[in-house]
1. Would you confirm, using the coordinates I've provided, whether THR239 is in contact with a helix residue (DSSP H, G or I) (Cβ under 8 Å, 6 or more places away or on another chain), hydroxyl-bearing (Ser, Thr, Tyr) and open to solvent by 40 Å² or more (accessible area, probe 1.4 Å)?
2. Against the conditions (1) in contact (Cβ under 8 Å) with a residue 40 or more places away in the chain; (2) not assigned by TED's automatic domain parsing to the domain that holds ASP99, where does GLN212 fall short? Just the number, please.
3. Of everything in region 68-93, what is among the aromatic types (Phe, Trp, Tyr) and near the ligand (Cβ under 9 Å from one of its atoms)? Give them in sequence order.
4. Tell me yes or no: at least one residue of region 48-67 is closer than 29 Å to SER320 by Cβ and away from the ligand (no atom under 16 Å from the Cβ).
5. Assess whether THR149 counts as being closer than 24 Å to SER78 by Cβ, of a type outside the set (Phe, Trp, Tyr), in contact (Cβ under 8 Å) with a residue 60 or more places away in the chain and open to solvent by less than 10 Å² (accessible area, probe 1.4 Å).
6. List pairs: first in region 50-67 and within 15 Å of ILE25 (Cβ to Cβ) and among the charged types (D, E, K, R), second open to solvent by 10 Å² or more (accessible area, probe 1.4 Å) and within 8 Å of the ligand (Cβ to nearest atom), Cβ under 8 Å, 6+ apart or cross-chain?
7. For region 19-36, how many residues meet the condition of being open to solvent by 20 Å² or more (accessible area, probe 1.4 Å) and more than 7 Å from the ligand (Cβ to nearest atom)?
8. Pick out, from region 196-282, the helices (runs of 4 or more DSSP H) lying fully within it that include 1 or more residues that are within 30 Å of PHE310 (Cα to Cα) and within 14 Å of the ligand (Cβ to nearest atom).
Amino acid sequence: MRRNLARVLVASGTASYFGRVIKYIGSKRKLVSRIVALAQAIPGARTALDLFTGTTRVAQGLKQAGFHVTANDLATYSEVLATAYIATDARRVDLDALDAHLVELNALDGERGYFTRTFCEEARYVQPKNGMRVDAIRARIAAMAVDDTMRSILLTALLEATDRVDSTTGLQMSYLKAWSTRSHRELRLRRPLLLAGAGRAIRADARVTVRQPDGYDIAYLDPPYNQHSYFNNYHVWETLVRGDTPPAYGVARKREDCRTTKSAFNRRLEADGALAEVLGALRARHVILSFSDEGFLSLARLREMLAARFGEVGGIAIPSKRYVGAKIGIHDLRGVLVGEVGHLENTEWLFVAGPDAMEIARAGTAPLAEVA
Ligand SMILES: C[S@@+](CC[C@H](N)C(=O)[O-])C[C@H]1O[C@@H](n2cnc3c(N)ncnc32)[C@H](O)[C@@H]1O
């Protein structure tokens with residue numbers, strides 16, 4: 001085993017990355033440029049795996065930088081986003097046909113269905129007028145004679161449009177007592193900002209994907225770092241893209257399978273073993289790992305794991321504001337403040353592991369050109 005060579009570098013400014021914003025806790029939207037700079041500092045790297053891709057922000061950044069990217073996640077909504085943004089080569093999409101579909105979908109009248117009843121009447125995710133349009137558009141997309149690529153692009157447009165008129169603070173676990181300002185707007189689908197180039201989308205447990213024979217120059221790992229389940233927090237998107245009608249429970253009207261769909265990374269006692277398993281099986285020369293200083297695993301333990309498998313380790317610390325819910329405070333189900341807000345800052349860590357990792361980490365702290 002090589003000696004742990006981790007050193008700490010601190011980066012404050014992060015360049016923003018263009019692309020549409022969707023609300024996702026832990027999205028690395030603001031760190032994409034820095035992660036891409038790290039990847040570009042790895043000599044000869046051409047292929048990348050984004051193993052916990054979520055919104056696909058990082059995968060999009062890597063694809064734009066010229067990497068062949070494989071984007072993996074457990075969630076169906078993430079697979080849909082990855083199919084649209086990563087697996088689809090924008091140059092091969094019939095944009096006239098896409099625009100015609102968007103015009104047709106935007107012109108549909110609303111119809112009251114499962115989405116409206118469950119998320120707009122039994123809950124307050126979006127206003128009923130927009131929920132009815134979601135129901136009508138979702139049904140029409142299901143009936144269209146289009147291939148999987150086009151369907152994923154249209155579902156991405158619907159997911160993003162719904163997110164723009166929701167009434168949440170970013171989580172689909174409870175909804176605002178008074179309708180948010182944006183929820184009064186009319187739901188409107190826009191053409192997703194598709195990217196040129198080839199890529200792959202996979203929906204699978206990270207521990208399964210890393211056991212496949214494929215190798216990568218770089219693997220980017222952004223696993224959940226605490227007990228909060230993404231499947232639960234974004235259950236409305238899961239239902240929206242699946243187009244199913246599961247029994248729902250609780251104030252948030254979560255899908256019944258939220259009770260049983262759990263990730264090992266959300267369990268304090270399993271997270272260590274799950275990450276060790278992933279790192280052990282990963283076929284990559286370099287790893288870039290995101291983690292928070294508030295996670296289940298200590299920074300020392302992360303460094304130890306990375307060093308054991310990849311040798312040299314470098315680390316970049318990025319001070320970060322906590323999510324908006326933390327600022328608002330802890331409320332009970334009636335909206336009454338019942339808990340005090342803790343500290344409002346945490347530190348996001350970016351570890352790089354593999355040959356010359358410290359040199360690469362140093363390149364990652366250099367000032368970045370604004371991409372937008
Ligand atoms: C911190 S988020 C990633 C955010 C992403 N980097 C972005 O910028 O949007 C963690 C992701 O891991 C996914 N996930 C949780 N457990 C997983 C598992 N066992 N295998 C694969 N993905 C998993 C969640 O669905 C979630 O999208």
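1. no
2. Checking GLN212 against (1) in contact (Cβ under 8 Å) with a residue 40 or more places away in the chain; (2) not assigned by TED's automatic domain parsing to the domain that holds ASP99, the one that fails is (1).
3. If the condition is that a residue be among the aromatic types (Phe, Trp, Tyr) and near the ligand (Cβ under 9 Å from one of its atoms), then TYR77 is the only one that fits.
4. Yes; the residues of region 48-67 include at least one that is closer than 29 Å to SER320 by Cβ and away from the ligand (no atom under 16 Å from the Cβ).
5. No, not satisfied.
6. The qualifying pairs are ARG57/SER27; ARG57/LYS28; ARG57/ARG29.
7. Residues that pass the stated criteria total 6.
8. Output list reads 206-209, 230-233, 268-281.
The values are calculated or read from the model by the stated rules, or taken from the named source; none is laboratory data. The model shown is predicted, which means the values in this text are computed figures rather than measured ones. Reconstructed Cβ throughout: ideal geometry from the backbone, glycine too, with neighbour counts over all protein chains shown. All accessible areas refer to the heavy atoms of the entire protein, side chains included, with ligands and DNA or RNA removed. Shrake-Rupley method; radii C 1.70, N 1.55, O 1.52, S 1.80 Å.
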